[in-house]
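A quick write-up on the structure given underneath.
What follows draws every value from the coordinates through simple rules; no lab data is involved. All values reported here derive from a predicted model rather than from experimental measurement. All Cβ positions, even for glycine, are placed from backbone atoms using ideal geometry, and neighbour counts span all protein chains on display.
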Amino acid sequence: MSDILNPEIAARLKRNDDGLFAAVVQEKSTGDVLMMAWMDDEALARTLATRKATYYSRSRQQYWVKGETSGHTQYVHEVRLDCDGDTVLLVVDQVGAACHTGTHTCFDTDVLLGAEQPG
């Protein structure tokens, strides 16, 4: 497993002051947006090498593989870089809850604006 990111990919990334960029996670089968987490170059390199979603915890200041302790794993099918280079999209198979609260997605609690009904 390589923890070193391909230099061509690394050159395209735009990181925040902490060296991190956003990772948005989408479920392959449903299209649901499951969660958002942070990555750095090493987390992305590990994800690309293993297909196991690996993130960087800002609070614990360490790497974590989704599901390593909970069993709620993410198998990564695709990783895409957005046009600005500051966000990656992971398309995954989710086993169990994606959210740390135990829900399937982190975006199912508060709907701030719902879909309008036509007419």
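Could you pull out every residue, at least 5 positions away or on a different chain, whose amide H is within less than 5 Å of the one on D32? Hs are placed 1.01 Å off N in the peptide plane, and Pro or chain starts have none.
So D32 has HN proximity to E27.
Provide the per-residue ³J(HN,Hα) series for region 17-25, in order, calculated from phi with Karplus coefficients 6.51, -1.76, 1.60 and θ = phi - 60°, each as a whole number of Hz, with x at glycine and proline positions.
Going residue by residue, I get 4, 8, x, 10, 9, 6, 10, 9, 10 Hz, with x marking Gly and Pro.
When the helices in the chain are scored as -39500 (n - 2.57) per DSSP H run of 4 or longer and the sum is shared across all residues, what 222 nm value do you end up with, to the nearest 500 deg cm²/dmol?
Calculated at 222 nm, the ellipticity per residue is -3500 deg cm²/dmol.
Could you order peptides 53-61, 8-16 by the average number of other Cβ atoms within 10 Å of their residues, highest first?
53-61, 8-16
Compute the separation of the alpha-carbon centres of region 57-71 and region 25-42 and state it in Å as a whole number.
Spelled out, the Cα-based centre of one part sits 14 Å from the other.
Starting at the first residue of region 38-44, write each ³J(HN,Hα) from the Karplus equation 6.51 cos²θ - 1.76 cosθ + 1.60 with θ = phi - 60°, in whole Hz, x for Gly and Pro.
Per-residue couplings from phi come out as 10, 10, 10, 4, 5, 4, 5 Hz.
Under a Cβ-Cβ limit of 4.7 Å, which cysteines in the chain have nobody to pair with?
C83
Run the numbers on region 17-73 and let me know its relative contact order in percent, using alpha-carbon pairs under 8 Å that are six or more apart.
22 percent
For G67, what residues show an amide H to amide H distance below 5 Å, using hydrogens built from the backbone and excluding near sequence neighbours?
H72
Taking the Cα centre as origin and putting +1 on Lys and Arg beta-carbons and -1 on Asp and Glu beta-carbons, what dipole magnitude results for region 56-119, to the nearest 20 debye?
That gives a dipole near 340 debye.
Quick one: Karplus J couplings for region 107-114, per residue in order, coefficients 6.51, -1.76, 1.60, θ = phi - 60°, nearest Hz, x for Gly and Pro?
The phi angles translate into 10, 10, 8, 10, 8, 7, 8, x Hz.
So for the chain, what are the equivalent ellipsoid semi-axes in whole Å, largest first, each being the square root of 5 times an eigenvalue of the Cα gyration tensor?
The answer is 25, 18, 14 Å, longest axis first.
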